[in-house]
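Everything below concerns the one structure shown next.
The values are calculated or read from the model by the stated rules, or taken from the named source; none is laboratory data. Keep in mind the model is a prediction, meaning the values are calculated, not measured. So basically every Cβ, Gly included, is an ideal-geometry build from the backbone, and we count neighbours across all protein chains shown. The area values use the complete protein model at the heavy-atom level, side chains included, leaving out ligands, DNA and RNA. Shrake-Rupley method; radii C 1.70, N 1.55, O 1.52, S 1.80 Å.
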Amino acid sequence: MKVIRVHQTGGPEVLRLDEVEVPSPKAGEVLVRVEAAGVNFIDVYFRTGLYPSRELPFPLGQEAAGVVEALGPGVTGLQVGARVAYTGVRGAYAERAVVPAAQLVPVPEDLPSPEAAAAMLQGMTAHYLATTTFPLRPGHTCLVHAAAGGVGGLLCQIAKLRGARVIGTVSTEEKAALARESGADEIIFYTRQDFVAEAKRLTGGEGVDVIYDSVGKTTFLPGLDALKLRGTMVTFGQSSGPVGAVEPALLNQKGSLFLTRPSLHHHIHLPEELRQRSGEVLGWIAAGKLKLRIHRRFPLAEAAEAHRALEGRGTSGKLVLLP
Ligand code: NDP
């Protein structure tokens with residue numbers, strides 16, 4: 001079978017299409033025929049070595065949807081031929097993947113695999129950010145950075161479903177239109193406007209209740225000045241580079257702020273939490289309440305092109321690989 005692997009960390013050119021044996025599922029595992037794999041920034045971080053990997057070569061990709069092809073010993077509750085999706089297991093950029101049964105969730109019948117794959121990592125991230133990390137409700141104003149992005153577009157929609165006011169930041173007019181489509185009430189062009197001054201102006205000088213910051217290096221520190229007193233900074237990504245060290249005293253100086261750096265992994269580690277979050281997200285998508293935007297589909301062999309597109313800031317929505 002074909003799989004994209006990294007033999008040495010580096011730029012997109014290090015992604016290699018290798019031919020390997022089809023793996024056999026061990027106890028508690030399932031062999032999935034991958035129909036679509038999602039491309040995410042975390043894959044870029046493993047490819048570049050920002051997130052270290054223990055072994056070389058290693059397979060890339062953290063989310064996919066497909067069909068159960070074989071069950072390992074002791075797996076119950078799943079059948080060969082069932083359509084499933086997952087996230088958080090390495091090796092999704094491949095024709096087949098071995099996945100622990102506990103990490104598979106059922107895909108609604110009328111949801112195609114590219115959409116199901118696209119929904120898992122970014123969809124459940126937007127879900128936990130808006131419902132668990134800082135549970136939005138009517139009366140709240142949130143600032144969503146990169147509001148036309150993969151997580152950003154879904155987060156705007158879930159924030160609106162929960163009744164919050166949404167201020168979105170974007171870099172271009174085209175992305176502004178997409179963020180508005182996702183429900184952003186206000187748009188700030190953070191590449192040419194002072195987003196702190198604008199956020200203050202849009203909130204009558206008070207500041208926003210919460211910032212969901214996926215951009216990191218360029219937005220984190222100024223963002224602390226765009227929060228209201230006792231506001232919450234959720235730094236969950238680093239599209240522009242990692243956030244540096246922060247002195248706790250800074251949070252006092254900026255107004256008794258709350259700061260958190262959450263990860264999806266810790267919000268789906270219990271099987272019932274994974275089932276609940278994925279069920280809600282996939283159900284909303286199947287019912288048309290949450291709209292996924294697949295920016296582009298690439299053949300598996302063109303994974304490097306997909307990485308270039310994601311890092312090049314040219315995407316607005318999800319990239320998927322089709323084996
Ligand atoms: P996006 O679709 O948001 O793509 C990144 C966007 O960030 C760009 O389109 C761009 O939007 C903006 N951006 C701002 N500065 C830069 C820059 N210097 N280089 C590139 N892009 C920039 O990606 P995702 O939604 O997939 O992921 C966003 C971040 O969230 C990633 O860092 C990812 O790792 C993280 N993440 C974290 C999770 C968690 O649980 N903690 C889970 C999922 C994702 P614009 O042009 O409008 O500025």
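Exactly one residue out of VAL215, VAL234 is of a type in the set (A, V, I, L, M) and in a loop (DSSP other than H, G, I, E, B), and it is VAL215. For SER239, the conditions (1) in a strand (DSSP E or B); (2) within 13 Å of the ligand (Cβ to nearest atom); (3) of a type outside the set (A, V, I, L, M, F, W, C) are fulfilled apart from (1). Of all residues in the range 292-312, those that are part of a strand (DSSP E or B) have Cβ atoms under 7 Å from Cβ atoms of residues that are among the hydroxyl-bearing types (Ser, Thr, Tyr), 6 or more apart or on another chain, in HIS295/THR315; HIS295/SER316. With the condition kept exactly as written, say whether any residue in the range 139-148 is of a type outside the set (Phe, Trp, Tyr), on the phi < 0 side of the Ramachandran plot and surrounded by fewer than 20 Cβ atoms within 10 Å (Cβ to Cβ). Checked against the condition, which is being of a type outside the set (Phe, Trp, Tyr), on the phi < 0 side of the Ramachandran plot and surrounded by fewer than 20 Cβ atoms within 10 Å (Cβ to Cβ), the range 139-148 yields at least one hit.
Among the residues of the range 114-138, the one identified as surrounded by fewer than 22 Cβ atoms within 10 Å (Cβ to Cβ) and more than 21 Å from ILE211 (Cβ to Cβ) is PRO114. Going by what's in this entry, would PRO135 be described as away from the ligand (no atom under 15 Å from the Cβ) and either part of a helix (DSSP H, G or I) or within 12 Å of ALA179 (Cβ to Cβ) (or both)? So PRO135 fails the test. LYS318 satisfies every condition listed in (1) within 22 Å of LYS2 (Cα to Cα); (2) charged (D, E, K, R); (3) crowded, with 20+ Cβ neighbours inside 10 Å except (1).
Restrict the check to the range 246-256 and report whether at least one residue is within 27 Å of LEU310 (Cα to Cα) and either among the acidic types (Asp, Glu) or within 15 Å of the ligand (Cβ to nearest atom) (or both).
No.
Counting the residues of the range 15-47 that are open to solvent by 20 Å² or more (accessible area, probe 1.4 Å) and within 14 Å of the ligand (Cβ to nearest atom) gives 4. Checked against the criteria, SER256 does not count as open to solvent by less than 50 Å² (accessible area, probe 1.4 Å) and either farther than 26 Å from ASP194 by Cβ or hydroxyl-bearing (Ser, Thr, Tyr) (or both). Working only within the range 158-193, note down all residues that are away from the ligand (no atom under 15 Å from the Cβ) and open to solvent by 60 Å² or more (accessible area, probe 1.4 Å). Of everything in the range 158-193, those that are away from the ligand (no atom under 15 Å from the Cβ) and open to solvent by 60 Å² or more (accessible area, probe 1.4 Å) turn out to be LYS160, LEU161, ARG162, ARG165, ASP185. For the range 142-156, indicate whether the set of residues that are touching a Lys or Arg at 6+ places or on another chain (Cβ under 6 Å), more than 10 Å from the ligand (Cβ to nearest atom) and in contact (Cβ under 8 Å) with a residue 60 or more places away in the chain is non-empty. No, because not a single residue in the range 142-156 is touching a Lys or Arg at 6+ places or on another chain (Cβ under 6 Å), more than 10 Å from the ligand (Cβ to nearest atom) and in contact (Cβ under 8 Å) with a residue 60 or more places away in the chain. Here the range 214-233 is the region considered, the condition is being more than 9 Å from the ligand (Cβ to nearest atom) and closer than 20 Å to THR125 by Cα, and the residue that is surrounded by the most Cβ atoms within 10 Å (Cβ to Cβ) is MET233.
Here are GLU311, GLU280: which of them is acidic (Asp, Glu) and within 16 Å of the ligand (Cβ to nearest atom)? Reasoning before the result, please.
On the way: GLU280 fails: within 16 Å of the ligand (Cβ to nearest atom).
Going through GLU311, GLU280 in turn, the sole match is GLU311.
For VAL281, the criteria (1) more than 17 Å from VAL105 (Cα to Cα); (2) open to solvent by less than 50 Å² (accessible area, probe 1.4 Å) hold in every case but one, which is (1).
For ASP209, state whether it is more than 9 Å from the ligand (Cβ to nearest atom), over 19 Å from GLY150 (Cα atoms), open to solvent by 10 Å² or more (accessible area, probe 1.4 Å) and in contact with a Gly (Cβ under 6 Å, 6 or more places away or on another chain). Working first, answer last.
On the way: more than 9 Å from the ligand (Cβ to nearest atom): yes; over 19 Å from GLY150 (Cα atoms): yes; open to solvent by 10 Å² or more (accessible area, probe 1.4 Å): yes; in contact with a Gly (Cβ under 6 Å, 6 or more places away or on another chain): yes.
Here the answer is yes, as ASP209 does meet what is asked.
Scanning the range 48-81 for residues that are open to solvent by less than 30 Å² (accessible area, probe 1.4 Å) and within 28 Å of ARG293 (Cα to Cα) turns up LEU60, GLY61, GLN62, GLU63, ALA64, ALA65, GLY66, VAL67, VAL68.
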